[in-house]
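Taking it in order: structure first as structure tokens, then the write-up.
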Amino acid sequence: MTKEEVKACLLACAQKLGRTPTYAEVRAMTRVTRFWIQKYFASMGHAFREAGVEAKGSGHRLEMVSLLEDWARAARKLGRLPSITEYRKEGQFSIRPFIDRCKSWGGVPEAFRAWAREQEAEEKWGDVLAMVAEREKRAAEGAFRMPDMQSTPEFATGARARRKIKLDRPIYGAPSAVAGLRYEPVNEAGVVFVFGMVAQKLGIEVERMQSEFPDCEAMREVEAGRWQRVKIEFEFASRNFQAHKHPAEGCDLIVCWIHNWPECPESLEVIELRRVFRRMG
């Protein structure tokens, strides 16, 4: 497809719906795929703007897409999550829309991770998601400070100097002392794996795994010889449950690697696998 053909398809789709379409709607109604968007445009929002589509209706979601993708490009360029000062230098947008939508600058990484998961864009933005995971880990361990409040790599010295992430290499967790787990997980997939290693020891028998919420249905031994069905959601960090906007009433148990959500509703039980594995180690 040519650039003009892509723009014509986007415009026709928007006119038919009477609003700015989502990517899923574009994919269902036209021949336009992510390949053509990425070939000709900086982002989906950029493509719609060039096609002359006004941001209205669900198009406000596309504004958020443009913000998050631009933030992620800045992170990729810097090799770290940008501070407000760094984003003002590297990004295309002002800080205000991020604050309006994410409540704070510190909420942007969580919003980005939730969006990447929703759009199945984890592979495309894997390096940036690894930076977000590292931030989450530091926050849980009490060692993280926002970039504006800490030394930049150019001036940091000694053992605490921050090392630049190499974007062409995978990220691993800390070494693990548990047999069969060489490194601690850094994402939700790792949480699912380690849960499988200890599910029986936790008195849980998995009946069903699924892609939609909740991730898992299982039977759990609540007393000797007595079992109940439980609905389980896997998260790398428990606070992601809130970031992903999951309804508390649709789940019984969060299984995570890091429990960092002190305001978690009482109706939700949390199993922090990091603690489970450290007891085992």
Do any residues in region 25-37 that are within 9 Å of Met1 (Cβ to Cβ) have Cβ atoms under 7 Å from those of residues that are open to solvent by less than 80 Å² (accessible area, probe 1.4 Å) and not basic (Lys, Arg), where the two are at least six apart or on different chains, and which pairs are they?
Arg31/Met1; Arg31/Cys9; Val32/Val6; Val32/Cys9; Val32/Leu10; Val32/Val26; Trp36/Met1; Trp36/Val6
Lone qualifier among Glu207, Glu134 - being modelled with pLDDT of 75 or more and either assigned to a loop (DSSP other than H, G, I, E, B) or surrounded by 14 or more Cβ atoms within 10 Å (Cβ to Cβ) (or both):
Glu134
Taking region 139-188 as the search range and keeping residues that are among the charged types (D, E, K, R) and open to solvent by less than 90 Å² (accessible area, probe 1.4 Å), which one is modelled with the lowest pLDDT?
Asp148
I'd like to know if region 215-235 contains one or more residues that are outside any strand (DSSP E or B) and within 21 Å of the chain's Cα centre (by Cα).
yes
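The values are calculated or read from the model by the stated rules, or taken from the named source; none is laboratory data. Since the model is a prediction, treat every value here as computed from it, not as a measurement. Please note: Cβ atoms are built from the backbone with ideal geometry, for glycine as well, and neighbour counts cover all protein chains shown. Only protein heavy atoms, including side chains, enter the accessible area calculation; ligands, DNA and RNA are left aside. Shrake-Rupley method; radii C 1.70, N 1.55, O 1.52, S 1.80 Å.
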